[in-house]
Each structure stands twice: as structure tokens, then as C-alpha cells.
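The values are calculated or read from the model by the stated rules, or taken from the named source; none is laboratory data. Bear in mind the structure is a predicted one, so any value in this text is a computation, not a measurement. Cβ coordinates were reconstructed from backbone atoms using ideal geometry, including for glycine residues, and neighbour counts include every protein chain displayed.
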Amino acid sequence: MNTLSDPHVSTSVLPGSNELRELIDDIAAGSEARDRGTADTRDAIERIRAAGLGRFRLPVSQGGAGASLPQVYELVLALAAADSNIPHILRNHFAFVEKALRASHLPHYARWLERVRAGELFGLGASEIGTQQVGDGDGNTRLVAHGNGFRLTGKKYYSTGNLYFDHIMVNAKTPEGRFVAARVGTRQPGVDVQDDWDGIGQRHTASGTTVFTDVEVEAHDVLPLDEDVRIPHQATFAQLWLTAIIAGIVRRIAADATQLLSERTRNYYHASAPRPADDPLMQQVIGELQSAAFVSESAILRAAVTLGDAFDSSLAGEPNEALYVEAALQAAKSKVAIDDIALRAATHLFNAGGASAARQSARLDRHWRNIRTLASHNPVAYKARAIGDHVVNGAPLPRAAFF
């Protein structure tokens, strides 16, 4: 049976299904081993592939789960609570799929979507260290004509997830100065995906270097960016995704703290109760962490609803500028608040666990390391300043990358 043409069959786990919960539980069970380096992250990604999660946003008639955008962000929260590396790895693929759905009328995206339906995953090659203005889209990667196609040469950094993927969408420039997106396969000759990321957190996202050396690119896999589908505030989806991962980590912190306190049997002689779980001060710590998780998740899901409405307006052929601005504003506000909430929560976790929580075997330091790494993708100060200038002076919000 061809599931891609059968409207009654879905080949992706469905939102809220037992299969999805089991997948997330399975990923959570191996998170500490992956952080220690005793389990391979590739195994988790292969389970994601087998579950068809890369098609989660596609309609059921196309082999997907028909998930709404808020359901996608609920998935991010759940995956991040299980292992924050996993949704970070998947961010560029989901961002690509979202764009491809809006641009499915273009021949390029129609072909690329067929690969998504086949279970393949897409990464990104965008950032370059040598550029002065971070996020301006410029760089030194070049695409030159060769025979009936092209050759691609350049070096990209922070290329999260490419190590685990099938394809990379590479931003490049032609000799004439035209910006393009080029699809290449990760296993093509001349493509070198290096696992050289050395960050303090998100250690298994493969956010390292990808080098392209005279890589063959077929003509139909090159799309000039001035012919691409553009929407207001293109980066909101990816930015909200990162903050959603942080919020998911806060959910895990609250759960870990609750478990730590419930398992503690010893307390200080001058504590309020012999049993830590009966100690009002410890109960307050848990209450504060649970509240931090609730507020963080609520902010993400509200922004996701607004962004979903904005995307729906584009799918209907009439992009609503006001909705896109509001979604960008809500995503930025979420980051400003959640970054601070999360870092404090990662510290307060140790108040619930006592000295034994600091053992390396517990791996609880990974929460702070992962939050700090994710939050550093762009400084919160620039977000806060842009929000202030917008609400006080009516200044437009930044519209390109990193906002």
C-alpha cells in the first residue's frame, strides 16, 4: 500500500498519541547516557526517523500527522524536557518544512517536499564566522556555473544537525552577486560535515563546521533567493523554537527537583522538618520551579498560536503583516523573560537536592549548561532594546535573522 497517496493512512506519529508519548519517554530514558557520551545520538535520530516525525507538520494525506503549529511547539517542549539536544537538532528541518509548505507551488519546493515525504531530513548551511554583520545573509560561499549545473565551495559554521541529516540547504552567492539557496546531499563528494562543536552545552547537536569543496549541484536544486517565498519576520519560527527548548528544559528541571526532594531522607539538624519533603522551605523551592515551568510554557504556546495564525494567513494567500509583527514581538518577549527564569531555575534546582545533587554522575549541571548555550544564540539585551524602542517610539522590529 502506498501510504503517501492514501488519505486514511498516516505514517507519522500523531499529536497526543500513545506512540508519540512512548517515543518521547524512550528519548528521555537515554538522555543522561548521551550526555555522558556512552550512548550515540544517531540512535535517537533514527528512532525519530522511524516514527516519521520529520513529516509531523505535513497533512495526513501526504503521510504526515497534520499537526497544527501550536502542536509542533508542544512537541518541542516535550522533546526538550526529554533531551534538549534532540529538538535543537531538528530545528532547521522543521523550519525548512514550514517554508516548503508555504512555497509548495514552486517546482523547487515541490520536489524537495517529496524527499521529506520519503522520510529524509534537511539541514542548513547559513552562518559564516568571517562576516562582520552577524545575520546579514552575506558570506564567502560561492556557487559557480559548471557544465549543465554548478559547483559549490565554502565553509559554514554552527551548522546544527547536518551530521545526522540527508540534505543541506546552503546559502551562497553567484559570481554576479546573486544570493541563492542550493540543495546538496550530506554524503556527496566534497561535503565534509565535521563534528567539531565544543560548546559547554548542547554538546551532541553537531553544531560545528560544514565544508563544501567543489561540490556538484544540479541546476534544478538552485533557487535564487529573490525568487523565493518571503514572509514578514522570517526568523520568528526559529527564534521561538530555541526559546521553546529552554522552556522545555525548565519543565525537566521542575520534574528533576520534585524527584530529588521526594527521594531525600536526610535533612539538616536545624531544618524545619526531619524529612525534606515535609520541609516548608523545600516545598517552596518546588512550588517556585513548577511555576517557572508553567509560565515559560504558557508564553511559548501563546506565541505559537499567534505565529500559527500568521502562517495561516500566508497559506490563504493574504499574509497579515500585523499578525507577523505581533508574533515576532511575542517571541522576543518570551526570550527576554524565559532566559532569566530558566537560568535561575537551573540554579535553584540544587536547593532541592542538597550537596549530593552536585555529583557529576547526576548530570544535573547539564541543564544550566544547555540553557546558557541556547540563550547565547543571540544576546537578550538586543531583543529587549528592540521591544522597548518599538513600544515607546513605534520603531519597526528587526526583520532578518536572529530576531
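Tabulated results
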item: Filtered residue count, the range 238-285, keeping only those that are assigned to a loop (DSSP other than H, G, I, E, B) and either among the hydroxyl-bearing types (Ser, Thr, Tyr) or in contact with a strand residue (DSSP E or B) (Cβ under 8 Å, 6 or more places away or on another chain) (or both); result: 4
item: Output for the range 50-87, where each listed residue is under 19 Å from Arg34 (Cα atoms), in contact (Cβ under 8 Å) with a residue 60 or more places away in the chain and touching a Leu at 6+ places or on another chain (Cβ under 7 Å); result: Pro87
item: Count of the range 170-193 residues which are surrounded by fewer than 18 Cβ atoms within 10 Å (Cβ to Cβ) and among the basic types (Lys, Arg); result: 2
item: Cβ pairs under 9 Å, 6+ apart, first in the range 360-374 and in the same structural domain as Thr243 (by TED's automatic domain parsing) and aromatic (Phe, Trp, Tyr), second surrounded by 15 or more Cβ atoms within 10 Å (Cβ to Cβ) and not in a helix (DSSP H, G or I); result: Trp368/Gly201
item: Enumerated strands (runs of 3 or more DSSP E) restricted to the range 120-235, each holding at least 3 residues that are out of contact with any helix residue (DSSP H, G or I) (no Cβ under 9 Å at 6 or more places or on another chain) and outside the structural domain of Glu46 (by TED's automatic domain parsing); result: 142-146, 149-156, 167-173, 210-217
item: Matching residues, the range 336-368, being buried (at least 18 other Cβ atoms within 10 Å of the Cβ), among the charged types (D, E, K, R) and over 26 Å from Arg302 (Cα atoms); result: Asp365, Arg366
item: Matching residues in the range 302-329 - criterion: being over 21 Å from Gly394 (Cβ atoms), part of a helix (DSSP H, G or I) and without any contact (Cβ under 8 Å) to a residue 24 or more places away in the chain; result: Asp309, Asp312, Ser313
item: Residue ID - nearest to Lys335 (Cα to Cα), chosen from residues in the range 277-301 that are crowded, with 16+ Cβ neighbours inside 10 Å and among the acidic types (Asp, Glu); result: Glu297
item: Test for Ala103: is it under 19 Å from Ala400 (Cβ atoms) and in contact with a Gly (Cβ under 9 Å, 6 or more places away or on another chain); result: no
item: Enumeration of residues in the range 375-403 that are in the same structural domain as Ala342 (by TED's automatic domain parsing) and among the charged types (D, E, K, R); result: Lys383, Arg385, Asp389
item: Residues satisfying the stated conditions in the range 59-86, i.e. assigned to a helix (DSSP H, G or I) and not hydrophobic (A, V, I, L, M, F, W, C); result: Ser61, Gln62, Pro70, Gln71, Tyr73, Glu74, Asn85
item: The lone exception for Trp241 - which of (1) touching a Gly at 6+ places or on another chain (Cβ under 6 Å); (2) under 26 Å from Lys383 (Cβ atoms) it fails; result: (1)
item: Evaluation of Gln188 against (1) of a type outside the set (Asp, Glu); (2) in contact with an Asp or Glu (Cβ under 8 Å, 6 or more places away or on another chain); (3) modelled with pLDDT under 95 (one fails), failing number; result: (3)
item: Within the range 302-335, tally of residues that are among the aliphatic types (A, V, I, L, M), surrounded by fewer than 17 Cβ atoms within 10 Å (Cβ to Cβ) and modelled with pLDDT of 95 or more; result: 2
item: Counted residues, the range 7-41 - those being under 18 Å from the mean Cα position of the chain (by Cα) and loosely packed, with under 13 Cβ neighbours inside 10 Å; result: 0
item: Test set (1) at pLDDT below 95; (2) within 27 Å of Ala401 (Cα to Cα); (3) small (Gly, Ala, Ser) - Ala299 fails condition number; result: (1)
